[in-house]
Amino acid sequence: MAAKKKQPAARPAASDKPATLKDMLNPEVLAKLQAQANELKATEQERRDEEQRLAAEAKKAERKRLENDFEYLLGQSEGKKINKYD
């Protein structure tokens, strides 16, 4: 008797896959949703950029304030001298 060869299981066709939301949505609705998502991403990026700009301005203002603070400058210059000769 000849050995029986097992048949590989038939692979499901592409049409047998479950439908995704993208497949079920009207292309116009899908385009609107994608546009809305892109708009939200752009808005979020603008908000982050504005926060970074404000933080940079605050840092610059603090640096300028410290440059006019003689006590701070004196402390900085003394600290450098101590470190230099240690």
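What follows draws every value from the coordinates through simple rules; no lab data is involved. No experiment lies behind these values; they were computed from the predicted model shown. All Cβ positions, even for glycine, are placed from backbone atoms using ideal geometry, and neighbour counts span all protein chains on display.
Summary table below
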read-out: For the range 26-85, with +1 on Lys and Arg beta carbons and -1 on Asp and Glu, the positive-most of ALA55, SER77, THR43 along the dipole; value: SER77
read-out: Computed magnitude of the charge dipole of the range 26-85 (debye, nearest 20; Cβ of K, R +1, Cβ of D, E -1); value: 400 debye
read-out: Net lengthening on full extension, GLU71/GLU28 (0.36 nm per residue, minus Cα-Cα); value: 8.9 nm
read-out: Estimated inter-spin distance, LYS17 and LYS41, nm [label 7 Å along Cα→Cβ]; value: 2.2 nm
read-out: Hits among aspartates and glutamates - C-alpha to C-alpha of LYS41 under 15 Å, sequence gap 8 or more where chains match; value: ASP49, GLU50
